[in-house]
Every structure is written in C-alpha cells, then in structure tokens.
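Visitor: Would you mind keeping the following structure in view while I ask a few things?
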Amino acid sequence: MGKRLFVMAAVLLMCSAAALHSATQWKDTLVVARDGTGDYRTLTEAMEGIRAFMDYKVTVLIKNGLYKEKVVVPSWLQNVDFVGEDAEKTIITYDDHANINKMGTFRTYTLKVEGNNLTFRNLTIENNAAQLGQAVALHTEGDRLLFVNCRLLGNQDTVYTGVASTRLCFLNCYIEGTTDFIFGPSTALFQDCIIHSKRNSYITAASTPQDVAVGYVFCNCRLTAAPGVNKVYLGRPWRPYAATVFIRCQLGKHICPAGWDNWRNEANERTARYAEYKCTGEGAATDGRVKWARQLTDEEAARYDDTEYLFGLCKQWNPL
C-alpha cells in the first residue's frame, strides 16, 4: 500500500512539473487587441508575456484600436518588434503635460522605451494634451531603436531622445510639434521623414555631449508647416556642443532666413555644431544664415551616408 501511494505521488509530481513547464513556455508572437480577440487587451499587459533578455526575436502584433495608456517598455526587454496593423488606426495615446501636479517634462511621456534593440512599425504614438506645457509623446532611453512608418504626434517636446550615446533611427516617419519637438542628447538619424511645424518656434533642441561626434541627422526629409506658420528655426542648442545637420532636405518657406537660433546665449555660438548640405525649397537659401552655422563639404556630407560613422562604428547594427 505504501509503495502504491509513493508511485501515485511521484506520478502527480511529474504531472505538476510538466504542467508548470508548459505554462512557462514563451511565445515568439503575441497579439494585442482592444476587443479581446488577441492574447492581451493592452500593451502594458503584453510586456508581461515577453521573456526578459531573450536572444530570439519576439513580434508583438498590435491590432487597430485606440490604446489610451501610459506605456513603459522596460530595460529587460530586447529583440522585440512592435508592429501595428495600420499606422493611422493603431494609436497609443495619453494626455499628461508638465503642469499637471508639477509633473515636469520627463514624466509626461505616452511611450517610454528603456529596452535595447527594439523596432516599432506602423504605429501612432501621441500625446494629445492641450498646449499647456511640455508634453512628450515618445521618450527613449534604450540603444539601437528603430522606428519605421510611425506617426509621432504632439505639441511642445514631442520626441525626447533621453540618453547620450544611444543610437536611434527613424525611417519614413511623420513627426509634428510646436516648440523643441525633437530634443535630447542621443544620436539619431531621421531619413525620408516629414517634420511638421504647428507653430512659429524651433524644431530641434539637441544637447549632444562634446565627446559624441554625431547628434541629429536629417536626410532627405521634408519640412512642412501648418497654415500661417512662417518663422521656424531648424534648431537651437539646449546645451553647448549641440550637433544637428540637415542633408538634402526640402525646406518649406516657413524656415526663416537665419535658420538657427542661439537660445539667447552667445556662448552657444562657439560650440554649436549646426550645418546643412544641398537642401532645397524656399527655406533653403543660405545667404541669410547665421554666421556660426555652416554648409558641409561634399567630403563631410559623405560621412553621414556611412552607418558605421553615424552610429559609432557599430558593425552589429545597420538599420538601413
């Protein structure tokens, strides 16, 4: 009798172990759908279904819908593709701004990305707060982040690239805002993007560290503006040594002749690394540009076509 009980107990233990093993099997494809037809109803819930620090690719398919949530992609997630069903219909949105309970700029994000080696495709990432202060839609802290065919919507401070020496790439994206709506210390390439100004103000506010060669690079982008907007600067330095270049971009007539601003600090003129190369359009005339910005030579511009130069000799990551 005792032997039989021992055998039964052993069988039950084996069955329990097998069930536990089965329960901890991780999927390589997850579906998020607001209507409950997927694996998860929110992006925040989906984060819990992704194994930490995995070395294989995980795809999170996000069905069309309005996802009103404040999302954090944590630092222990990597090698994940977040793919929306339709860029205009798959919308992640929230409405925090800096003047809510003294929140400040850096807590206002709709989507904060802390993990590395992540891709976001076909998504709208929006902060739809009223124009009452800084309101970040996308806040990045991770390295090797790729955004493809995404819409980044907001007003002041739409995109915050928050950590120095991290590398970002935006391909075929639409980015809109009012003031300093692309800002921070990261190295970021914007290629074939539409950059849309909603108010007379400044597009970029880089804070590139002195020891980082490349800050913001805009290649083959189109700069547009809302009706009545007619005095927009390409950038102003949030900190000394800010680096921003526009290469073969189409600049609308809303870009003012001076092109760049010193943020009311003449000392910034000695360190800012601002340049343009073969831009076209009504806002591309160079004769009125500030004297402390420059035009790149052919040789200098060619370096920005080299992804190893752009992304710090990174042979392991070529987003193009």
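Visitor: Could you tell me which of rounded, prolate or oblate describes the range 160-244, using a ≥ b ≥ c as the square roots of the eigenvalues of the alpha-carbon gyration tensor, with rounded for a/c under 1.5 and, failing that, prolate when a/b is larger than b/c and oblate otherwise? It would help to have the intermediate numbers written out before the result.
Guide: On the way: a/c = 2.38, a/b = 1.47, b/c = 1.62.
Taking the square roots of the gyration eigenvalues as a ≥ b ≥ c, the range 160-244 is oblate.
Visitor: Does anyone have the angle between helix 2-23 and the longest principal axis of the chain? Alpha-carbon axes, 0 to 90°, nearest 10?
Guide: 20
Visitor: Just to confirm a number: summing +1 for Lys and Arg and -1 for Asp and Glu over residues other than T59 whose beta-carbon lies under 9 angstrom from that of T59, what do you get?
Guide: Counting the neighbours of T59, the net charge comes to -1.
Visitor: Farthest toward the dipole's positive end in the range 52-310, which of V113, A242, N155, given Cβ charges of +1 (Lys, Arg) and -1 (Asp, Glu) about the Cα centre?
Guide: Comparing the listed Cα positions along the dipole, N155 ranks first.
Visitor: Given the -39500 (n - 2.57) contribution per DSSP H run of 4+ residues, what per-residue ellipticity at 222 nm results for the chain, rounded to the nearest 500 deg cm²/dmol?
Guide: Working: 4 runs with 37 residues, N = 320.
About -3500 deg cm²/dmol.
Visitor: Among W26, W292, what is the fewest-to-most ranking by other Cβ atoms within 10 Å?
Guide: Neighbour counts put them in this order, fewest first: W26, W292.
Visitor: Quote the FRET efficiency, to the nearest 0.05, computed for R270 versus A52 with a Förster distance R0 of 41 Å and r equal to the Cβ-Cβ distance.
Guide: According to the calculation, E is roughly 0.35.
Visitor: A further question on this structure: Taking the Cβ of R34 as the center, what net charge do the other residues with Cβ under 15 Å away carry, scoring Lys and Arg +1 and Asp and Glu -1?
Guide: -2
Visitor: Hey, with R₀ at 51 Å, roughly what FRET efficiency would D39 and T286 work out to, going by the Cβ-Cβ distance, to 0.05? Intermediate values should be presented prior to the final figure.
Guide: On the way: r = 54 Å, r/R0 = 1.05.
For R0 = 51 Å, the calculated efficiency reads 0.45.
A short reminder: the numbers here are calculations on the coordinates, not readings from a lab. Being a predicted model, the structure only gives us computed values, none of them experimental. Positions of Cβ are backbone-derived with ideal geometry, glycine not excepted, and every protein chain shown enters the neighbour counts.
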